[in-house]
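Below is one structure, written out as structure tokens; comments come after it.
The values are calculated or read from the model by the stated rules, or taken from the named source; none is laboratory data. Computed from a prediction, not measured in an experiment: that's the story for all the values here. Note that we place each Cβ from the backbone using ideal geometry, even for glycine, and neighbour counts take in every protein chain shown.
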Amino acid sequence: MCVALQETFLKSCYTTKIRRYGCVRKDTEGSSVSGCVCIFTSLDVPSSALPLHTSLQAVAVRIHSTSLITVCCLYLPPTAVIRQQDLNNLVDQLPAPFVIFCDFNEHSTLWGSVKTNPRGRQIEQRPLPNVLSHDYDASGKTFPPTYSYNRADWALFTRLTVISDAMVNTESVDTAVQEVANVLIAAADLSIPKNSSHSFQCYKPWWNTDCKTAYKNQRKLWGIFRRYPTTENLLAFKKAKANACRSVSSTASYTFRFLEIKRRAEHTPMNFYTRSFFPYNCDFTMTELKKALLQAHNTSPGPDRITYTMLRHLNPDSLTNSLYLFNRVWKEHYYSSSWRGANVIPILNPGKVATDPLSYRPIALTSCFCKTFEGMVNTRLV
């Protein structure tokens, strides 16, 4: 959407261009160039420069994505004397909500530095929305690595994965589930190599000529609205966007009557107790467990990182003890708290604008160990 740069060291006679990006910049005059700031904004997002009356090296733009937000780029030279009043006046000129990207040349323990210098104490006096120190270590903020099952040593994994009777016979079901998960992950780390996650562009088989035409018209009207942001152009763009959504949508929305019935059913408490004996209340068998693992499709793991592939390579004793743990959950009517968590990832809906957070649908990745148990229950009841 936008890129904020400090210390560009550009003179006013130099032009800087990035394809499909507009530029708002502030250069320093004189024989020696120092500092300088600029903001590049994508032409796909409506934006406008915000005039600032300040002696500081700062520029600002207003960007309209889902809402109007102000972005300010600020640079404070390390040797310059910055008055607190100048900082206050700058912040007061920024319409809320706003974000300030700044190289303060400061240190403060409030945002991760080991010491606080005079500039840091000065910045602390003016409350800002958020400060990210240049000392902040962002090297770990990457996609988690995944297991490479094609290079796995399954014989070693089977030997290392020892789920003992003592693990599944603990007093707490939560403790038993956690110990089993720890054994599986420890064995996987030693026997299955890891590789980094990469995303690839996949071909969409449902994308046809109608979808292409509708999306092209949507982009055309978006360009008109971006250049001429009038009410008429906004309505035309929204109509084209709705038509594009209808073209690529493969399922209709649920009716209000169905949603009301679903809501009432989900709020009805379930009673698991009965005075009669029914066959579906008996313990699960090894045949049912193996069938559930056989029918399960390989999916991304949940928070515990356990996959169906790992469960299929358990040795007979570990598989038997896993079945015992499932039967404990079944008879004690206790659902492990670790199974209630999920990794939620956003998936862009077809035909939606990627810059709009409402264009994404959440996908919850739950524990495959838990889903194995759920598959056994569903197979028995259906």
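Descriptive notes on the structure:
- Extreme residue, farthest from Gln295 (Cα to Cα), among residues of the range 348-361 that are buried (at least 18 other Cβ atoms within 10 Å of the Cβ) and in contact (Cβ under 8 Å) with a residue 24 or more places away in the chain: Val353
- Looking at Ser133, Ser148, just one residue is polar (S, T, N, Q), surrounded by fewer than 12 Cβ atoms within 10 Å (Cβ to Cβ) and modelled with pLDDT under 90, and that residue is Ser148.
- Condition broken by Thr274, with the remaining ones in (1) at pLDDT below 70; (2) within 28 Å of the chain's Cα centre (by Cα) satisfied: (2)
- Test: residue in the range 53-64 that is within 31 Å of the chain's Cα centre (by Cα), exposed (fewer than 12 other Cβ atoms within 10 Å of the Cβ) and touching a residue at least 12 places away in the same chain (Cβ under 8 Å): no
Quick grid of which residues meet (1) surrounded by 13 or more Cβ atoms within 10 Å (Cβ to Cβ); (2) at pLDDT 80 or above; (3) part of a loop (DSSP other than H, G, I, E, B); (4) of a type in the set (Phe, Trp, Tyr):
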site	(1), (2), (3), (4)
His198	no, no, yes, no
Gln201	no, no, yes, no
Tyr215	yes, yes, no, yes
Arg219	yes, yes, no, no
Arg226	yes, yes, no, no
Ala236	yes, yes, no, no
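- The residue that is modelled with the highest pLDDT, counting only those in the range 335-361 that are assigned to a loop (DSSP other than H, G, I, E, B) and charged (D, E, K, R), is Lys352.
- Filter pass, Ala80 being under 25 Å from Gly120 (Cβ atoms), of a type in the set (Gly, Ala, Ser) and surrounded by fewer than 17 Cβ atoms within 10 Å (Cβ to Cβ): yes
- For the range 318-373, residues that are among the hydroxyl-bearing types (Ser, Thr, Tyr) and over 24 Å from Val177 (Cα atoms) total 3.
- Residues in the range 296-324 that are loosely packed, with under 13 Cβ neighbours inside 10 Å and farther than 20 Å from Ile185 by Cβ: His297, Pro316.
- All conditions but one from (1) at pLDDT below 90; (2) not in a helix (DSSP H, G or I) apply to Pro301; the one that does not is (1).
- Any hit, the range 362-378, residues being under 32 Å from the mean Cα position of the chain (by Cα), modelled with pLDDT under 90, crowded, with 18+ Cβ neighbours inside 10 Å and of a type outside the set (Val, Ile, Thr): no
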